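As structure tokens, the structure follows; a few thoughts come after it.
The values are calculated or read from the model by the stated rules, or taken from the named source; none is laboratory data. Everything numeric in this text was worked out from a predicted model, so none of it was measured. Here Cβ is always computed from backbone atoms with ideal geometry, including for glycine, and neighbour counts include all displayed protein chains.
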Amino acid sequence: MRKLNVELTRRHIVGLGMQIVSVCALPLGVMRAKAADTCTDAASESLRNSLHYTAAAPDPKQACSGCAFFSQDDAKQTCGKCMIMSGPVNPKGHCDSWSMKE
């Protein structure tokens with residue numbers, strides 16, 4: 001059996017620790033990204049693109065939650081329903097069909 005001569009320096013140990021932390025943090029970032037995408041619907045993706053839908057409104061006064069076509073989705077607390085998109089939308093989102101509630 002061959003013995004490996006590896007000298008563990010403080011720099012090497014810190015480097016390994018940083019690698020371990022980054023590998024462990026990766027799934028957390030993926031989970032957060034998926035949580036942000038919970039208000040999507042693959043069936044309406046082309047419609048969303050054509051209406052320039054974004055999950056964050058450039059002008060908060062024109063967010064989906066203030067739109068006449070928006071209603072709160074009781075099943076998904078973080079999402080709302082859009083009559084035009086026929087699917088879940090982010091209440092803070094925006095599209096070209098935005099119309100102020102009366």
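Here are some notes:
- Residue in the stretch 89-99 that is outside any loop (DSSP other than H, G, I, E, B), more than 19 Å from the chain's Cα centre (by Cα), modelled with pLDDT under 95 and surrounded by 11 or more Cβ atoms within 10 Å (Cβ to Cβ) present: no
- So residue 61, is it surrounded by fewer than 18 Cβ atoms within 10 Å (Cβ to Cβ) and modelled with pLDDT of 90 or more: yes
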